Every structure is written in C-alpha cells, then in structure tokens.
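Visitor: Before anything else, here's the structure in question.
The values are calculated or read from the model by the stated rules, or taken from the named source; none is laboratory data. Quantities reported herein were computed from a predicted structural model and do not represent experimental measurements. Ideal geometry is used to build each Cβ from the backbone, glycine not excepted, and the neighbour counts take in all protein chains shown. Remember, those area values only see protein heavy atoms, side chains included, never the ligands or the DNA or RNA. Shrake-Rupley method; radii C 1.70, N 1.55, O 1.52, S 1.80 Å.
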Amino acid sequence: QVQLVESGGGLVQPGGSLRLSCAVSGSFFGISDMAWYRQAPGQERGLVASITPGRRNNYVSTNYVDSVKGRFTISRDNAKNTMYLQMNNLKPEDTAVYFCNFQIFRGRWSLTSESYWGQGTQVTVSS
C-alpha cells in the first residue's frame with residue numbers, strides 16, 4: 001500500500017520557522033506532482049505550494065499561493081521520495097492543518113496518476 005507520512009508541525013511564535021516533511025512509502029512506479037495544502041477551522045482546504053516537472057530536463061516548476069511567496073519554499077528529494085516545505089517568517093494566519101499530496105503512478109504502464117494524501121500535521125503560529 002502507498003502511504004504518505006507527514007512530520008514537522010508544531011507551535012511556533014510569529015516570525016519563527018518550521019520545516020514540514022512528507023515521505024511516501026509502498027510500491028509504486030513514480031511520482032509526478034507534489035503539493036502542500038492547508039485547512040484552517042471553518043475553511044476549505046486550499047493549495048499552498050506545488051512542485052511539478054518543468055519544461056526543461058532536470059528542472060522543476062514551483063508555484064505558491066500569493067500569501068506565502070517569499071516566505072515558504074517547497075522542495076523535494078527524489079532519492080528519498082520526500083517533499084519538504086520550509087516555512088519562514090510564520091504569521092498567525094498560517095495556522096492550519098497542513099496536508100501533503102502526491103500524484104502517483106502505481107505501475108509502469110499506468111495511464112493516469114492517483115492522488116494520495118498525508119494524514120495532516122498541525123501548524124500553530126501564536127504568541
């Protein structure tokens with residue numbers, strides 16, 4: 001079975017930093033898109049950052065929601081099948097449960113990818 005496990009959440013003061021990790025385990029052929037979402041109480045889950053194959057060979061494309069640009073950095077380690085979200089200068093409005101999402105091809109000849117979610121990790125930014 002494919003499983004995504006998140007870690008790195010916690011309580012931090014405004015202006016502080018956290019680094020989230022999301023590692024996938026199990027049997028699969030490959031991973032295409034990776035992304036971080038977050039959901040605050042009473043809010044819908046929204047995309048925070050994504051990392052996808054770029055147009056140039058060995059390059060990747062990253063995208064961020066406007067509210068985190070310049071503060072958050074998404075990255076991935078293909079050898080470890082792990083995605084990271086470095087969060088700097090955290091603000092109270094960043095408080096949410098953060099979920100990782102991978103688009104995974106289960107087999108070499110899979111026609112489409114499947115979406116997998118992590119269990120969520122709580123990030124609380126408060127004085």
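Visitor: Which strands (runs of 3 or more DSSP E) sit wholly inside the range 13-57 and have at least 1 residues that are under 16 Å from the mean Cα position of the chain (by Cα), closer than 17 Å to SER75 by Cα and aromatic (Phe, Trp, Tyr)?
Guide: Once the strands (runs of 3 or more DSSP E) in the range 13-57 are filtered for at least 1 residues that are under 16 Å from the mean Cα position of the chain (by Cα), closer than 17 Å to SER75 by Cα and aromatic (Phe, Trp, Tyr), what remains is 30-39.
Visitor: Still on this structure: Is it the case that some residue within the range 106-114 is without any contact (Cβ under 8 Å) to a residue 24 or more places away in the chain and surrounded by 14 or more Cβ atoms within 10 Å (Cβ to Cβ)?
Guide: No, there is no match, as no residue in the range 106-114 is without any contact (Cβ under 8 Å) to a residue 24 or more places away in the chain and surrounded by 14 or more Cβ atoms within 10 Å (Cβ to Cβ).
Residue-wise test of (1) of a type in the set (Phe, Trp, Tyr); (2) open to solvent by less than 50 Å² (accessible area, probe 1.4 Å); (3) within 25 Å of PRO14 (Cβ to Cβ).
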{"position": "PRO41", "(1), (2), (3)": "no, no, yes"}
{"position": "PRO53", "(1), (2), (3)": "no, no, no"}
{"position": "TYR59", "(1), (2), (3)": "yes, no, no"}
{"position": "ASN88", "(1), (2), (3)": "no, no, yes"}
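Visitor: Yes or no: ASN101 in a strand (DSSP E or B), farther than 20 Å from GLY8 by Cα and at pLDDT 95 or above? Reasoning before the result, please.
Guide: On the way: in a strand (DSSP E or B): yes; farther than 20 Å from GLY8 by Cα: no; at pLDDT 95 or above: yes.
No; evaluated as a whole, the condition is false for this residue.
Visitor: Next question, about the same structure. Scan the range 22-67 residue by residue and report those that are free of Cβ contacts under 8 Å to residues at least 40 places away in the same chain and touching a Lys or Arg at 6+ places or on another chain (Cβ under 6 Å).
Guide: Listed by number, the list holds a single entry, ILE51.
Visitor: Return the residues of the range 63-75 that are open to solvent by 60 Å² or more (accessible area, probe 1.4 Å) and part of a strand (DSSP E or B); say none if nothing qualifies.
Guide: To start, the set of residues in the range 63-75 that are open to solvent by 60 Å² or more (accessible area, probe 1.4 Å) comprises 63, 66-67, 69-70, 73.
Listed by number, the residues that qualify are ASN63, THR73.
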